[in-house]
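Engineer: Take a look at the following structure, please.
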């Protein structure tokens, strides 16, 4: 399977910010009380935040709209079914859909305050197959 960084760069309409430091990543993890997966950490270090083909991934950014910290806190407050080891990787902005990643790397979807449903085994699988 391709490297997550190369996979994202190949997407149509790809754009990103600059990567963030290990200290910024650790601070975000500490704030959320969890550890990001290896792939999500690599994504953050390379881009900080990225978008492509109408998808806006969360990242480490001051603006709350796409901040992994702000969105995870907000969505945890909206949905009692979310385990403490999950963080938001994308807010779909349609039908209350939120895409989450758990500490095992699996990707889940919730709709409004529903129970998380497994949709992919990894962040790279989500980027490769689920974001058409």
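The values are calculated or read from the model by the stated rules, or taken from the named source; none is laboratory data. Quick caveat: nothing in here was measured; it's all calculated off a predicted structure. Positions of Cβ are backbone-derived with ideal geometry, glycine not excepted, and every protein chain shown enters the neighbour counts.
Engineer: Criterion first (at pLDDT 95 or above, touching a strand residue (DSSP E or B) at 6+ places or on another chain (Cβ under 6 Å) and within 22 Å of residue 28 (Cα to Cα)) does residue 117 satisfy it?
Structural biologist: no
Engineer: Output the number of residues of the range 109-130 satisfying the condition of being surrounded by 15 or more Cβ atoms within 10 Å (Cβ to Cβ) and either touching a residue at least 60 places away in the same chain (Cβ under 8 Å) or under 23 Å from residue 9 (Cα atoms) (or both).
Structural biologist: Residues in the range 109-130 being surrounded by 15 or more Cβ atoms within 10 Å (Cβ to Cβ) and either touching a residue at least 60 places away in the same chain (Cβ under 8 Å) or under 23 Å from residue 9 (Cα atoms) (or both): 9 in total.
Engineer: Let me ask something additional. Within the range 4-25, which residues are more than 17 Å from residue 58 (Cβ to Cβ) and free of Cβ contacts under 8 Å to residues at least 40 places away in the same chain?
Structural biologist: Passing the criteria: 6, 9, 10, 21, 22, 23.
Engineer: Checking residue 32 against (1) touching a strand residue (DSSP E or B) at 6+ places or on another chain (Cβ under 7 Å); (2) closer than 17 Å to residue 7 by Cα, which single condition isn't satisfied?
Structural biologist: So residue 32 meets the others, but not (2).
Engineer: Then there is this: Out of all the residues in the range 109-130, is one or more assigned to a loop (DSSP other than H, G, I, E, B) and on the phi > 0 side of the Ramachandran plot?
Structural biologist: Restricting attention to the range 109-130, the residues satisfying the condition of being assigned to a loop (DSSP other than H, G, I, E, B) are 112-116, 121-122.
Still in the running and on the phi > 0 side of the Ramachandran plot: 112.
Taking every residue of the range 109-130 in turn, at least one turns out to be assigned to a loop (DSSP other than H, G, I, E, B) and on the phi > 0 side of the Ramachandran plot.
Engineer: Residue 74 versus (1) over 28 Å from residue 12 (Cα atoms); (2) touching a residue at least 40 places away in the same chain (Cβ under 8 Å): which is the lone unmet condition?
Structural biologist: It is condition (2) that residue 74 fails.
Engineer: Ok, one more. What's the number of the only condition in (1) out of contact with any strand residue (DSSP E or B) (no Cβ under 7 Å at 6 or more places or on another chain); (2) within 17 Å of residue 36 (Cβ to Cβ); (3) at pLDDT 95 or above that residue 103 fails to meet?
Structural biologist: Condition (3) is where residue 103 drops out.
Engineer: Is it true that residue 96 is touching a strand residue (DSSP E or B) at 6+ places or on another chain (Cβ under 9 Å) and within 13 Å of residue 37 (Cβ to Cβ)?
Structural biologist: The answer is no for residue 96.
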